[in-house]
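Here is the structure we will look at.
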Amino acid sequence: MAKDNTDRKATTTPTRRQGAELIRAELATLPHRPGVYRMIDAKGDVLYVGKAKNLRRRLSAYRRPDRLGARMARVVAATRALEIVTTRTEAEALLLESNLIKRLKPRYNVLLRDDKSFPFIMITRDHEWPQITKHRGARQPDREYFGPFASAGAVNATLAQLARAFPLRSCSDAIFESRTRPCLQYQIKRCTAPCVGRIAREDYLSMVDEVREFLRGKSRAIQDRLVDRMRAASDALDFEAATVYRDRIQALTRIQGHQDINLANLGDADVIALYRSGDACCVQVFFFRAGQNFGNRAYFPVVPRQTDDDDILESFIGQFYAHHMPPSLVLLNAPIPNPGLVAEALGLRAKRKVTLSVPRRGSRKAAVAQAAANAEQALARRLAENASQRRLLDGVAEVFALAETPRRIEAYDISHMGGTGAVGAMVVAGPDGFIKNAYRKYNIRDDAGTLAPGDDYGMLREVLMRRFSRALKDEARNVPGQWPDLLLIDGGRGQLTVAEQVFADLGIDGVALAAIAKGSDRNAGRERFFLPGRPPFSLDSRHPVLYFLQRLRDEAHRFAIGGHRAKRSRAISRSELDKIPGIGSARKRALLNHFGAARAVEDAAIEDLAKVEGISGTVAQRIYDHFHEVP
């Protein structure tokens, strides 16, 4: 997106000046141009991000807070600085506004808290035998992508069904090249074993073309062709081939039968529906590609009070497509204030025309209605879960004698094997359940070199010192951070004492501490709890708060073990080749593919090393010298 930075204007005023007065004083210098404005409070935090077709005219509306709604009146009252960025068009301003809201997360904007990328089905084009697999992340030019799908589960289910109808290879290139006989996928008729020549290349590529056609919505033409082939094989008394075609036809039928909604004439479209109940809302997004339903996902934006439904929907669309490519058509269950502007902005993002529509009849209306019904049901489940979660948090406050119900609980655990591969883990829970984007792993560094193998207390101390030293530094720089109301540690009195010492050393108070330890026979349900200044106690084995705390402890344990296993796997995959300067992943892979193992590389002569692709004579000499200690 292009924007004009020559008219960028940042204005900072003394704290004593009120927001309305600040805006009145700055109006004369503001341009009559499109742009984005940021309203900033006395601490330097961004309160609100807005866009305008005419900045001076838009901001002049804030001169009279008594004429604003309650929400914007509070924003103006707290504003102590303005920051202005002009753009060439209002559509560019809308794109910039959406990006800034996603990045800055202002308190008074509608916030879409979801940074996950969507998975795609990918077909490779850089290999003699193309591969079909799942993909998430950046796209590459030598690949074809079909999607997006709402979840990895939707991709996996589709791939499983496609493998029955189009048995293409799903293995990596390295595995493909190393095969000498068919794998299990061939035995269960999920692959045609091109790795060992069990299918002609032209037949395989024909099947790849059929997959492309199917994923582009041409399933009926494919089925008709398969029916013709099945009949021809049957007429020729080739019943084995006829059976293969019959099975592929049935698999195609199953794929299409599993679609909840199919809109044959829709093409590529997203269906977006908003449902609101009080201050809570849910936005449901259905993904249709080539008329097929690729799944759906529910979102729960954080909505300031007194925000209208149409503003919520419009803000959601801007933020959602700030990181996801919009399709040609977006169907909505309600109109938004600026449909033409939003469509223009999405067209700039997609580099093609994007249409927004609120259907009134027919199958498109039915699709929007189903999305709205799903949004209502998802919000009802969410509110029920939140009510249950709040009751559990109230119970935690009662059990641990806390002054207030905790809104953020952090649970910690340490995982290692004999002191090696040690990892500390922090998981976080609040009123909405587990907050997975707040989870953190800590690789135990032992910078002072004082930890003995298996020193759980020392490892826990390092993790807590790093976590809360950073929090104190952020606070000193006025960087907003998150502080827990309750710290839960997997362990007993010793681990609790470590946490108390860390907080005393850092001068931190106001955070409740607790440790959870299994009983003497280590059976779940007989946990003992340790709190500062209180004797240990246990809860009834059927107490709901006990179940909740067990889940927290187990989640921390799961997360820590996952980090430890990943670290151990990385250590196992390292070899002596990693110690040689100039040997990166590509050269290491080439050497291992050529020789089969690092030990064989060590025994190789310089001439043999130089035969490997990407290994020059100089690099071969360096590898040989490394293993033979030649100066």
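The values are calculated or read from the model by the stated rules, or taken from the named source; none is laboratory data. Keep in mind that this is a model prediction, so the values were computed, not measured. Cβ coordinates were reconstructed from backbone atoms using ideal geometry, including for glycine residues, and neighbour counts include every protein chain displayed.
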Legend entry - Which listed residue, of 488, 506, 496, 513, is touching a residue at least 40 places away in the same chain (Cβ under 8 Å) and crowded, with 20+ Cβ neighbours inside 10 Å: 488
Legend entry - Filter result (modelled with pLDDT under 85 and either among the basic types (Lys, Arg) or at positive phi (or both)) within the stretch 78-101: 88
Inset, instruction - Sort out which residues of the stretch 604-621 are over 45 Å from the mean Cα position of the chain (by Cα), loosely packed, with under 11 Cβ neighbours inside 10 Å and in a helix (DSSP H, G or I), and write them in order of number. - result: 607
Legend entry - Looking only at the stretch 36-65, and only at residues there that are part of a loop (DSSP other than H, G, I, E, B) and farther than 12 Å from residue 76 by Cβ, the one that is nearest to the chain's Cα centre (by Cα): 45
Legend entry - Sole residue being modelled with pLDDT under 90 and part of a helix (DSSP H, G or I), chosen from 371, 343: 371
Inset, instruction - Answer yes or no: is there a residue in the stretch 385-401 that is at pLDDT 90 or above and assigned to a loop (DSSP other than H, G, I, E, B). - result: yes
Inset, instruction - Would you confirm whether any residue within the stretch 160-167 is at pLDDT below 85, over 30 Å from residue 315 (Cβ atoms), out of contact with any helix residue (DSSP H, G or I) (no Cβ under 8 Å at 6 or more places or on another chain) and outside any loop (DSSP other than H, G, I, E, B)? - result: yes
Legend entry - Top-ranked residue in the stretch 407-436 [being β-branched (Val, Ile, Thr) and more than 20 Å from residue 513 (Cα to Cα); ranked as modelled with the highest pLDDT]: 423
Legend entry - Residue in the stretch 470-500 that is modelled with the lowest pLDDT, counting only those that are among the polar types (S, T, N, Q) and more than 21 Å from residue 415 (Cα to Cα): 478
Inset, instruction - Evaluate the stretch 592-609: report whether one residue or more is without any contact (Cβ under 8 Å) to a residue 12 or more places away in the chain, on the phi > 0 side of the Ramachandran plot and not polar (S, T, N, Q). - result: yes
Inset, instruction - Taking residue 367 as the residue in question, decide whether it is more than 24 Å from the chain's Cα centre (by Cα) and of a type outside the set (Asp, Glu). - result: yes
